[in-house]
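One structure is given below, encoded as structure tokens.
What follows draws every value from the coordinates through simple rules; no lab data is involved. Please read all numbers here as calculations on a predicted model, not as lab measurements. We place every Cβ from the backbone using ideal geometry, glycine too, and count neighbours over all the protein chains shown.
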Amino acid sequence: MRRAAPSSTLDTPRLLLIGAGLVLGPMLLAGGWRALTRSADRACRWAEAPPAAAAWVFAQEGFHTSLDDLLRYGACRAQSEPLADAIAACAALPAPMRSDCIDGVGHGIPAGAVSPELAVGALASLPGPARAQLADGMARSWAEGAGGEPEATTAALQAAGIAPGDVINGLRIGLQRSRGDDLPAAIATATRWPASAWPALFEELGWRAGDEGPTAPFAHLGLVPAPAQAAYVRGAARGAALKLVHGLSPAEAAAPLNALLATLSAQRPTDGRELRWGVAAAIQLSRWPPAEKAALLEATGLTEVARERADAVGLGIWAGPEDLPVSAQQPTILR
């Protein structure tokens with residue numbers, strides 16, 4: 001019997017396997033599968049692969065895939081290819097990973113790179129939660145591209161049918177990214193936004209200032225409108241605490257955090273509650289195991305503050321004591 005002639009075309013599964021081999025083969029030869037998955041920038045390396053091949057990698061990782069990997073993968077896709085392609089790459093991932101990938105796309109869209117007209121179509125292609133995440137990313141991109149200016153940013157949002165109040169998270173990040181190196185200019189720009197946006201904007205700017213050191217934010221406090229100063233102080237405490245504990249274990253962080261609280265309280269003795277909210281937020285945002293976070297909150301006297309904050313955090317990461325239900329706004333007893 002004569003053998004059939006070889007087919008001139010390859011079926012899709014075989015093409016995908018070949019593509020995955022061409023992209024992933026050199027990585028595997030360079031150090032093996034585990035070395036690849038431990039790579040410091042592995043998510044961006046995966047973003048260089050065809051979407052189907054990268055999706056295969058993520059599927060192999062399964063529950064070992066971290067949120068950071070998914071955010072970074074989406075961001076690197078958005079930075080290196082058209083928005084529609086980045087969204088399609090996220091859609092190729094296992095279903096539980098898609099929303100976090102879209103969140104990453106929102107983080108990675110270059111400043112001002114997507115027109116409102118293009119945004120409308122991209123948003124319409126996504127389900128509700130992912131649509132909200134991408135809308136935040138669009139707002140961040142437009143705010144960053146406009147230097148945080150409210151007029152230009154709001155015009156882009158309106159053209160895309162996005163209400164500014166729905167994307168305040170993106171707006172605060174866009175302002176900070178574009179103006180954070182010049183805090184007086186950033187503060188002046190933030191004051192031109194409606195007062196309803198001030199808690200989010202000024203908490204973010206305080207966080208940026210706190211990253212420069214525990215006393216740095218207070219050099220600019222006089223420029224902050226009085227109604228926004230509590231949010232700014234909370235952000236400053238959070239930024240200083242996050243910078244301080246980076247690379248430390250919870251056991252190592254307790255003494256430095258207590259010293260930080262003393263330093264901050266000396267700067268703003270009337271804002272003890274806001275300062276403690278900010279430091280508690282830094283602990284809660286850390287990547288430590290829950291039991292170790294709880295032990296650190298106890299060691300810093302912030303357990304009750306953290307419980308209060310949990311009641312308000314659903315209103316936004318910038319929420320403060322003033323956002324608690326009236327029945328829960330009693331002052332915290334400080335040590």
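Backbone phi angles across region 163-177, fed through the Karplus curve with coefficients 6.51, -1.76 and 1.60 (θ = phi - 60°), yield HN-Hα couplings of 7, x, x, 7, 10, 4, 4, x, 5, 5, 6, x, 4, 5, 5 Hz in residue order; Gly and Pro are listed as x. Computed 3J(HN,Hα) for region 203-219, one whole-Hz value per residue from the Karplus formula 6.51 cos²θ - 1.76 cosθ + 1.60 where θ = phi - 60°, is 5, 5, 5, x, 4, 4, 5, x, 5, 8, x, x, 9, 4, x, 7, 5, glycine and proline marked x.
Please give me the summed charge of the neighbours of R140: other residues whose Cβ is under 12 Å from its Cβ, Lys and Arg +1, Asp and Glu -1. Provide the component values of the computation, followed by the final result.
Details: positive: R172, R177; negative: D103, D136, E144, E204.
Residues close to R140 contribute a combined charge of -2.
If we count every other residue with Cβ under 14 angstrom of T153's Cβ, Lys/Arg +1 and Asp/Glu -1, where does the sum land? Within the 14 Å Cβ shell, the charges total 0. Exposure proxy shown here: for R234, R192, the number of other Cβ atoms within 10 Å sets the order, fewest to most, as R192, R234. Near E274, once Lys and Arg are set to +1 and Asp and Glu to -1 for all other residues with Cβ below 9 Å from its Cβ, the sum equals +3.
The modelled label-to-label distance for the pair S80/R287, using points 7 Å beyond Cα in the direction of Cβ, is 2.1 nm. Over region 183-228, Cα pairs under 8 Å with separation of 6+ residues give a relative contact order of 48 percent. Backbone geometry of region 119-133 corresponds, through the Karplus equation with coefficients 6.51, -1.76 and 1.60 at θ = phi - 60°, to 3J(HN,Hα) couplings of 4, 4, x, 5, 5, 5, 7, 10, x, x, x, 5, 4, 5, 5 Hz, x marking Gly and Pro.
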